[in-house]
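Enquirer: Could you have a look at this structure, given as structure tokens, before my questions?
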Amino acid sequence: MNIVFVSSEITPIAKAGGLGDVTQGLIFQLQRLQEKVTLIVPKYSFIDEKHLQSIKIHSHFKSYEKGIWIDNTAWTAQLEGVRLILIEPHHPKKYFERSEIYGYDDDIPRFAYFSRAVFDFFRHENLCMNILHLHDWPTALLSILYKDLFSKPTAKIVLTIHNIEHQGRCNTWDMDDIGLESSVYKEKLKDPIYPSLNLLKGGILYADQITTVSPTYAKEILTKEYGYGLDPLLQQHKDKLTGILNGIDTDYWNPQTDPYLMANYSKKLSVKEISLAKSINKRALQKKFGLTEQKGPLITNIGRLVAQKGPALIKKAIECTVEKTGQFVLLGTSPIPEVLEEFSQLQKSLPPSKALFFFQQNESLSHWIYAASDFIIIPSLFEPCGLTQLIALRYGTIPIVRSTGGLKDTVFETINGYTFSEFSEEAMKKALSNAIQDFVENPKKIANLIPAIMNEDHSWLVSAKVYQELYQKALIS
Ligand code: ADP
């Protein structure tokens, strides 16, 4: 198959969260399964070209916005054997010459223009493809451009919903601006809640197959509680909806070879050797950042501090851990200043020897923390798949999670972690207390659990094969 991915993120050159990791892991695995994969991404100015091989200009083409045709350069490059096309618009608003991927007032026009530019690139190149695989709202609009404006739309479209909370709500003029007459789409794309249009809704309507990132989340988004207004529409299209669990890139996330660790280890070592290596990582982290040794465990949370991740429960978990002789390391960022302020206040109220807060995006530090920690707590309100629990399992760090979405599909009480169902402080504290109690009173149980969880296979292989089957299904639909 000739598969073209179009995404706003790809690790390691443009990552805001899980989407970048998923794009990377899935394309690498599909390539290993002998599929021909091309990935199209914006050429963000912050991209570090040292990660790319053979980068060169491929072509120049024009793309439409607000009645004028704007110049673009298409670059080609290789990312560990996968063909990348990077679209560089020479747009007066410098759409991709910013320091971040998202978070600007003009995010809608930026990604609408990117979709339009990819469409014009297709026209310019006569690209041969069977499957066009789109990801979340930033590229959902391409499904409409491709099916309604392309002269011969032969490829089938697969849309993956990585997080239904973000839908790309926009104005009618955003459609007109890129040459889609809003009068035609006003009703079709009408947002179910707000007086706006909805790009993800367009993707759901136009895709031949829709996937989301775990079987449980596929069921959850059909309900009012999790569907963010799109549940009735998804109910109508549920025949084309499949939940496929994300994997992780097990070459990249590998405690045996990870260059950021103070001591490497693998599941093949003895229980004792693994415990020793993990404790070397832990002691080094404690020493470097002024944490004292504690009787209780080192617990972490790594992620975005936004409502989805349950920041109020994370704060309670930090307090509870410190109270119960443990210590906590938080590595998080937040686009919400109030949330950061609350966490800073909490930091000030706790002894620095027991609670360490990093308000930053730090890839290398995240690897070290995964290896050094005894537990990771993930009390999400909803979690489409979640990668942090999968990475933690690979590093022998036991997850304590709220059973929702992909967390429910990957973490099981007494088998590989500690779980709770109700989104409440009480339920979270019960699971956390059980974990701490086992750590203090039953160290043998915990030590034996570590190699067992490291032995689980969360590589992309199984899921990539399911995607292959889905592409075949799309081709005959
Ligand atoms: P989401 O996509 O909702 O943010 P996921 O659990 O799917 O959450 O993926 C999060 C990814 O981002 C993981 O690879 C995690 O290690 C990484 N990550 C999150 N926050 C940070 C941070 N502050 N520094 C480094 N890596 C982070």
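Each value in this text was obtained by applying a stated rule to the coordinates, not by laboratory testing. The model shown is predicted, which means the values in this text are computed figures rather than measured ones. For neighbour counting, all protein chains shown are included, and Cβ atoms are generated from backbone atoms with ideal geometry for every residue, glycine included.
Enquirer: Give me the pairs: first residue in region 356-373 and more than 11 Å from the ligand (Cβ to nearest atom), second residue basic (Lys, Arg), beta-carbon distance under 6 Å, and six or more apart or on different chains, which are they?
Expert: Close Cβ pairs satisfying both conditions: 372/282.
Enquirer: Assess whether residue 217 counts as being buried (at least 22 other Cβ atoms within 10 Å of the Cβ) and either assigned to a helix (DSSP H, G or I) or hydrophobic (A, V, I, L, M, F, W, C) (or both).
Expert: Judged against the criteria, residue 217 is a match.
Enquirer: Within region 367-477, considering only helices (runs of 4 or more DSSP H) that don't extend past its boundaries, which have at least 3 residues that are under 25 Å from the mean Cα position of the chain (by Cα) and surrounded by fewer than 17 Cβ atoms within 10 Å (Cβ to Cβ)? Step through it out loud before you land on a result.
Expert: Values: elements: 388-394, 405-410, 425-441, 443-454, 461-476.
Helices (runs of 4 or more DSSP H) meeting the threshold: 461-476.
Enquirer: As an exercise: evaluate residue 352 against (1) farther than 14 Å from residue 301 by Cα; (2) in a helix (DSSP H, G or I) and give the number of the one condition it does not meet.
Expert: With respect to (1) farther than 14 Å from residue 301 by Cα; (2) in a helix (DSSP H, G or I), residue 352 is out only on (2).
Enquirer: Here's a follow-up. Residue 404 - would you say it is within 15 Å of the ligand (Cβ to nearest atom), closer than 22 Å to residue 275 by Cα, in contact (Cβ under 8 Å) with a residue 24 or more places away in the chain and among the polar types (S, T, N, Q)?
Expert: Numbers: within 15 Å of the ligand (Cβ to nearest atom): yes; closer than 22 Å to residue 275 by Cα: no; in contact (Cβ under 8 Å) with a residue 24 or more places away in the chain: yes; among the polar types (S, T, N, Q): yes.
Here the answer is no, as residue 404 does not meet what is asked.
Enquirer: Also, quick follow-up: Condition (residue is outside any strand (DSSP E or B), crowded, with 21+ Cβ neighbours inside 10 Å and among the charged types (D, E, K, R)) applied to region 123-135: is it met by at least one residue?
Expert: Step one: filter region 123-135 for residues outside any strand (DSSP E or B), giving 123-130.
Subsequent filtering for residues that are crowded, with 21+ Cβ neighbours inside 10 Å retains none.
Within region 123-135 (the criterion being outside any strand (DSSP E or B), crowded, with 21+ Cβ neighbours inside 10 Å and among the charged types (D, E, K, R)), the answer is no, since none of the residues qualifies.
Enquirer: So which pairs qualify, if the first residue must be in region 11-31 and free of Cβ contacts under 8 Å to residues at least 24 places away in the same chain, the second must be of a type in the set (Val, Ile, Thr) and surrounded by fewer than 24 Cβ atoms within 10 Å (Cβ to Cβ), the Cβ gap must be under 7 Å, and the two must be at least 6 apart or on different chains?
Expert: Qualifying pairs under 7 Å: 20/11.
Enquirer: Scanning region 1-36 for residues that are away from the ligand (no atom under 15 Å from the Cβ) and among the basic types (Lys, Arg), which turns out surrounded by the fewest Cβ atoms within 10 Å (Cβ to Cβ)?
Expert: Per the stated criteria, the residue is 32.
Enquirer: Given the condition charged (D, E, K, R) and within 11 Å of the ligand (Cβ to nearest atom), answer yes or no: does some residue in region 377-388 qualify?
Expert: yes
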